[in-house]
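Student: My structure is below; once you've seen it, I'll send some questions.
The values are calculated or read from the model by the stated rules, or taken from the named source; none is laboratory data. Computed from a predicted structure; not experimentally measured. Quick reminder, even Gly has a Cβ in these numbers, built from the backbone with ideal geometry, and neighbours come from all protein chains shown. Surface accessibility is based on the protein's heavy atoms, side chains included, excluding ligands, DNA and RNA. Shrake-Rupley method; radii C 1.70, N 1.55, O 1.52, S 1.80 Å.
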Amino acid sequence: MAADEYLRAILARERVDTSASSPVLGVQRIIAPIVRDWAGSALCGMSPSGSFAKGTANNSGTDIDLFVSLSSSVTMTLKEIYESLFATLQKNGYSPRRQNVSIGIRVGAYDVDMVPAKRQDQHGADHSLYRRRLDTWTKTNVANHIAFVSRSGRAEEIRILKLWRKQKGIDFPSFYLELSTITALDGRRVGNLAANVQAALEYFRDRIAIARVLDPANGNNVISGDLTVAGKAAVAAAARAATTAESWGEVVR
């Protein structure tokens, strides 16, 4: 089987239904009453974000991210908002997991990452959110992220690389991987799937340790800071092994 054919068969197997009738969207309807009760009049909205919204999700990955937008008038600190939502989910029978900017829960058969954030003003899409690993906050724009990644034309390569990451047990945050892949493939022809994935892996091998990756919505937010030196070395080592594999079946399956 040709390399592109092999990889596209994997993509077909891992396809996620992102239509309005997608079963995973039922998660939002289940969790919405809890979020409304928690946020009250401060709730500006809750919507899918992350891989599901960008078209870079795989069936065997995290099922959906939900971005919870709160009014700029909220007086709690970002950390207090994060911990308050965590406690509310716990109180309602879930077993929440503290992650970096999100709170992970299991809703029925689905894994859900909830991202609470506060608008920076009452009308714009810029938000502030808590970064737990560094006990700080950052400004970002999730709508910008979704547009930037979905318009890149690199969804196929990103999805294959996310499967590689998951199957090899690599700690490589999704947005960091997405931005790095887009940078690695700048100027390369769309459609050469296997060659492009190989080029991205070579980039990870050679550049991940030194490349500075910035949030396209906020140049002061250094996305590459989400991994330690050791974490970047682990990504580079895994990519090195992938680039020397004898078959694609050793890289991703």
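Student: To check you understand DSSP bridge types, tell me what percent of the beta bridges within the chain (both residues inside) are antiparallel, rounded to 5.
Tutor: Given both bridge residues lie in the chain, the antiparallel proportion sits at roughly 75 percent.
Student: Also, I was wondering about something else. Once label points are set 7 Å from the Cα along Cα→Cβ at both Leu25 and Arg98, what is their separation, rounded to one decimal in nm?
Tutor: Spacing of the two 7 Å Cα→Cβ label points: 3.5 nm.
Student: Another one. Write down, largest first, the equivalent ellipsoid semi-axes of region 71-178 in whole Å, where each equals the square root of 5 times an eigenvalue of the alpha-carbon gyration tensor.
Tutor: 26, 20, 12
Student: Cα centroids of region 214-232 and region 1-69: how far apart, whole angstrom?
Tutor: So the two Cα centres are separated by 24 Å.
Student: Still on this model: What value, in deg cm²/dmol to 500, does the helix sum -39500 (n - 2.57) over DSSP H runs of n ≥ 4 give at 222 nm once divided by the residues of the chain?
Tutor: Rounded to the nearest 500, the figure is -13500 deg cm²/dmol.
Student: What does the extension gain come out to for Asp206 and Thr136, with contour length at 0.36 nm per residue minus their alpha carbon separation?
Tutor: Extending this stretch completely gives an extra 22.2 nm.
Student: Provide Rg over Rh for region 164-247; use the alpha carbon set for both Rg and the Kirkwood Rh (inverse mean inverse pair distance).
Tutor: Computed over Cα atoms, the ratio is 0.96.
Student: Something else about it: Using every pair of alpha-carbon atoms in the chain, split the distances into 5 Å bins beginning at 0 and state the percent of pairs per bin, rounded to integers.
Tutor: Percent of Cα pairs in each bin: 1, 6, 13, 17, 18, 17, 13, 8, 5, 2, 1, 0.
Student: In nm, to one decimal, how far is the Asn220 label point from the Ala237 one, both placed 7 Å along Cα→Cβ?
Tutor: Roughly 3.6 nm, to one decimal.
Student: OK, next. Under 13 Å from the Cβ of Arg189, count the other residues' Cβ atoms, weight Lys and Arg +1, Asp and Glu -1, and hand me the total.
Tutor: -2
Student: I need the semi-axes of the equivalent ellipsoid of region 92-240: take the C-alpha gyration tensor, multiply each eigenvalue by 5, square-root it, list largest first in whole angstrom.
Tutor: Over the Cα atoms of region 92-240, the semi-axes work out to 26, 19, 16 Å.
Student: Next question, about the same structure. Report the paramagnetic label zone for Gln90: residues of region 112-128 whose backbone N is under 17 Å from a point 7 Å from Cα along the Cα-to-Cβ axis.
Tutor: In region 112-128, the label zone of Gln90 (backbone N under 17 Å from the point 7 Å along Cα→Cβ) covers 114, 116.
Student: Still on this structure, I have one more. Along each principal axis of its Cα atoms, how long is region 113-176 end to end? Whole angstroms, biggest number first, please.
Tutor: 40, 29, 16
Student: By how many nm would the segment from Ala32 to Arg13 grow when fully extended, if each residue of separation counts as 0.36 nm and the alpha-carbon distance is taken off?
Tutor: 3.8 nm
Student: Tabulate in residue order the Karplus-calculated ³J(HN,Hα) for region 159-169, using 6.51 cos²θ - 1.76 cosθ + 1.60 with θ = phi - 60°, rounded to whole Hz; enter x for Gly and Pro.
Tutor: 5, 5, 5, 5, 5, 4, 4, 5, 5, 9, x
Student: Take Ser41 and Ala143, extend 7 Å from each Cα along the Cα→Cβ direction, and tell me the distance between the two endpoints in nm.
Tutor: In this crude spin-label approximation the distance works out to 2.4 nm.
Student: In region 58-104, how does Rg compare with the Kirkwood Rh, expressed as the Rg/Rh ratio over alpha carbon atoms?
Tutor: 1.02
Student: Rounded to the nearest whole Å², what accessible area per residue is found for the chain with the 1.4 Å probe?
Tutor: With all protein chains present, the chain gives 47 Å² per residue.
Student: Need one number: convex hull volume per residue for region 7-63, Cα atoms only, in Å³.
Tutor: 91
Student: With a 1.4 Å probe and all protein chains left in place, how much of the accessible area of the chain comes from carbon and sulfur atoms, in whole percent?
Tutor: 49
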